[in-house]
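Written below as structure tokens is the structure these notes are about.
The values are calculated or read from the model by the stated rules, or taken from the named source; none is laboratory data. None of these values were measured; they are calculated from a predicted model. Please note: Cβ atoms are built from the backbone with ideal geometry, for glycine as well, and neighbour counts cover all protein chains shown.
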Amino acid sequence: MDISDGKTLFIANPAAQRGNGLEASRIAYDLLVEWLGDGNVDLQMTERPEHAIELAEAARGAYATVIVLGGDGVIHEAVNGLMRIPADERPRFGLIPVGSGNDYARTVGMSESVPEAVTQFLDAGEVALDIGVCNGEYFAETLSFGLDAAIALDTIERRKRTGEQGTILYLKSGLDQLLHHLDTFTFEAVLDGERRLSAPVHLITVQIGQTYGGGFRICPEADPTDGVFDLCYAAAPMSVPEATFKFLRAKDAHHTKFKNIFFERASTIELSFDRRPPCQIDGEAHIADSYSIAIHKQALRVISPKLGRKA
């Protein structure tokens, strides 16, 4: 893989990290131009929600590579735009993480230092990674329901108020939600068209990568190339102290042996609940009454210093 083969579209979110994305994009753009040459990199700044979807989809036929700078939200948008392009015309994808959780960057091994991340493109190979889809909306890392989705959505407002980032942001939000919103939802699921599950739960998550919430290794066996989702669900009821203890232990994947924590794998999932739970898809709110979920095995070529192989 050689990123200098063909033109690169660089999509940047200037509002990332409370406006730090603007300066980060200038630094990254100058480094990319220095490496790839003037005229081989085009910079497009996002101007509104879902703008990155349009920009990435418009890369069809004009660019060999799309690189995105920002958090998991703009990555989510760019992935949705790229997945609208036929597979044989789809550009490779790279990312420079300037966000709060940066979980997809963690999966592919990209540094949170902007200059270092750009330098990683020099030696990184590419890898074909799985992409999920829920009710027609694509996701790269995570889809979840219940408590952890409520935490993810709460962090958006909390980040605006406090400016906090990363694990501390998710920990504070998580403890607040555990104390005040440890709700129970009963789900019905059909896995791979045949296996049926039903249980009262506090949360259920559908993972492609191992982590969510700024590094919580919720599904430590997840492999983003294997063509199956890893599911984790926390069966109800749990007391607040019990749930809090297990939540904190999940940071380093020490929750896997606990009673009430269950794991499954599937490539398709039909999912419904007795009442509508909070739902997040790569950190963005997703509202529906039922959920049809499938995986596209190795659908997106991603530049990855951690997983990629040099051609």
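Looking at region 82-97, which of its residues are crowded, with 24+ Cβ neighbours inside 10 Å and of a type in the set (Gly, Ala, Ser)? Of everything in region 82-97, just one residue is crowded, with 24+ Cβ neighbours inside 10 Å and of a type in the set (Gly, Ala, Ser), namely Gly94. Would you call Arg309 at pLDDT below 95 and either among the hydrophobic types (A, V, I, L, M, F, W, C) or over 26 Å from Asp154 (Cβ atoms) (or both)? The answer is yes for Arg309. Restricting region 243-279 to residues that are acidic (Asp, Glu) and surrounded by 15 or more Cβ atoms within 10 Å (Cβ to Cβ), which is farthest from Tyr170 (Cα to Cα)? The selected residue is Glu270. Does region 156-168 include one or more residues that are hydrophobic (A, V, I, L, M, F, W, C) and free of Cβ contacts under 8 Å to residues at least 40 places away in the same chain? Yes, region 156-168 contains a residue that is hydrophobic (A, V, I, L, M, F, W, C) and free of Cβ contacts under 8 Å to residues at least 40 places away in the same chain.
If we scan region 184-199, do we find a residue that is touching a strand residue (DSSP E or B) at 6+ places or on another chain (Cβ under 6 Å), under 16 Å from Ile218 (Cα atoms), touching a residue at least 60 places away in the same chain (Cβ under 8 Å) and not in a helix (DSSP H, G or I)? Checked region 184-199: no residue is touching a strand residue (DSSP E or B) at 6+ places or on another chain (Cβ under 6 Å), under 16 Å from Ile218 (Cα atoms), touching a residue at least 60 places away in the same chain (Cβ under 8 Å) and not in a helix (DSSP H, G or I).
For region 55-81, how many residues are crowded, with 21+ Cβ neighbours inside 10 Å, of a type outside the set (A, V, I, L, M) and at pLDDT 95 or above? Total satisfying the criteria: 6.
For region 134-187, taking the residues that are within 16 Å of the chain's Cα centre (by Cα) and β-branched (Val, Ile, Thr), the one that is surrounded by the most Cβ atoms within 10 Å (Cβ to Cβ) is identified as Thr142. Could you grab me the full set of residues in region 206-234 that are modelled with pLDDT of 95 or more and on the phi > 0 side of the Ramachandran plot? The one that is modelled with pLDDT of 95 or more and on the phi > 0 side of the Ramachandran plot: Gly227. Does Leu36 count as of a type outside the set (S, T, N, Q), buried (at least 16 other Cβ atoms within 10 Å of the Cβ) and modelled with pLDDT of 95 or more? No, not satisfied. Among the criteria (1) closer than 30 Å to Ser239 by Cα; (2) in the same structural domain as Asn80 (by TED's automatic domain parsing), the one Thr162 does not fulfil is (2). The set of residues in region 280-298 being surrounded by fewer than 20 Cβ atoms within 10 Å (Cβ to Cβ), in contact (Cβ under 8 Å) with a residue 12 or more places away in the chain and not charged (D, E, K, R) consists of Ala285, His286, Ala288, Ser290, Ser292, Ala294, His296, Gln298. Only a single item in (1) at pLDDT below 80; (2) touching a Ser or Thr at 6+ places or on another chain (Cβ under 6 Å) is not met by Gly163, and it is number (2).
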